[in-house]
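The values are calculated or read from the model by the stated rules, or taken from the named source; none is laboratory data. Nothing here was measured: the structure is a model prediction, and the numbers come from that model. All Cβ positions, even for glycine, are placed from backbone atoms using ideal geometry, and neighbour counts span all protein chains on display.
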Amino acid sequence: MGGGGGLDGLGLLHGVIDAAAAVAGERSGLIIGGEGYSFATISADVFSLAGGIAAVSSPGDTVALLAANG
């Protein structure tokens with residue numbers, strides 16, 4: 001796993017999520033409005049989002065995320 005520093009060498013956020021999915025799989029990793037999402041589902045969603053961003057950007061591009069707060 002790439003990136004520098006932090007969290008026992010996991011580096012980037014996707015590394016932390018992938019490691020959690022490998023250990024906890026179908027256990028709930030996130031609960032929103034009473035609906036649970038497994039670590040495996042979160043990992044797959046992160047992978048899908050990253051692929052979408054990669055499809056419309058180039059290495060080194062600045063990417064921003066705009067989302068509702070609440």
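The figures follow:
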read-out	value
When residues of segment 11-58 are limited to those that are charged (D, E, K, R) and part of a helix (DSSP H, G or I), the one surrounded by the most Cβ atoms within 10 Å (Cβ to Cβ)	Asp18
Selection from segment 1-21 of residues that are modelled with pLDDT of 50 or more and farther than 19 Å from Ala44 by Cα	Asp8, Gly9
Neighbours by Cβ (under 6 Å, 6+ apart or cross-chain): first from segment 7-21, among the β-branched types (Val, Ile, Thr); second in a helix (DSSP H, G or I) and modelled with pLDDT under 80	Val16/Leu7
